[in-house]
Each structure stands twice: as structure tokens, then as C-alpha cells.
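Structure first, commentary second.
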Amino acid sequence: MYKIGIIGERDSVLGFMAIGFAVHEAADSNAAREILHRLAKDGSYAIIFIVENYARDLEEDMARYKDSPLPAVITIPGRAGSSGYGMAAIKSAVERAVGADILFKE
């Protein structure tokens, strides 16, 4: 069975432990980068969530896994709330998969 992992600062990720996520605390973007590559190489993770503030710095690293079936690397808001970066990444992925912008505009 595949695992779901989450990478981010302690305050943002600790609550996910209660629902069975493999929680990985990262003190900074460099630590998050190392964790991301370790989890992806492990082969047992289907989904890896990364908080937005680290995902911005890991854009190139996350792109390595964009065309791989596993793991899916997804950006989520951190403790400070959403900056819009995660939604922009999802929008881009949908446009790439479908060939058009199908998400509703606000």
C-alpha cells in the first residue's frame, strides 16, 4: 500500500499525522529538498504534499516528478494561508493535461 507524505514546517504539517500522513518536518527549503528526493526515491509514496512557502523554492525539483506517474507532488497552503501559488500550479497542470483552462475564474 502506498503512503501519503507531507513536507513543511512543524506548525503546518503536524496535524496531518492524525489522519495517517507520513509527516516530515523541514526547517528550511534545503531540508525540504532533501526530504522530497528521499521520499520520491523510496518508491512507497503515491502523493507528496509540500507547503507553498517551500514549494516556491523547490519548483525545479518538483518539475522532475511532473511526468512520472508516482509520486504526485502537490502544493498546499502552509500555516500562513494561501499565497495563490498552489492554485496556480494546479491550474497549470490541468491546462497541460486537458489542453485548455477549464477552471472557473473568480
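Return the only residue of 55, 80, 100, 89 being crowded, with 16+ Cβ neighbours inside 10 Å, modelled with pLDDT under 85 and out of contact with any Asp or Glu (no Cβ under 6 Å at 6 or more places or on another chain).
None of the others qualify; the one that does is 89.
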Inside the stretch 1-33, the number of residues satisfying the requirement of being assigned to a loop (DSSP other than H, G, I, E, B) and in contact (Cβ under 8 Å) with a residue 60 or more places away in the chain is 2
When the stretch 1-34 is checked residue by residue, the ones that are open to solvent by less than 60 Å² (accessible area, probe 1.4 Å), under 15 Å from residue 59 (Cα atoms) and not hydroxyl-bearing (Ser, Thr, Tyr) are 7, 8, 31, 32
The one condition residue 65 fails out of (1) of a type in the set (Phe, Trp, Tyr); (2) in contact with a helix residue (DSSP H, G or I) (Cβ under 7 Å, 6 or more places away or on another chain); (3) buried (at least 18 other Cβ atoms within 10 Å of the Cβ) is (3)
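The values are calculated or read from the model by the stated rules, or taken from the named source; none is laboratory data. Please read these numbers as outputs of a predicted model, since none were measured by experiment. Counting neighbours? That spans all protein chains shown, and the Cβs are built from the backbone with ideal geometry, glycine included. These area figures cover heavy atoms from the full protein model, side chains too; ligands, DNA and RNA do not enter into them. Shrake-Rupley method; radii C 1.70, N 1.55, O 1.52, S 1.80 Å.
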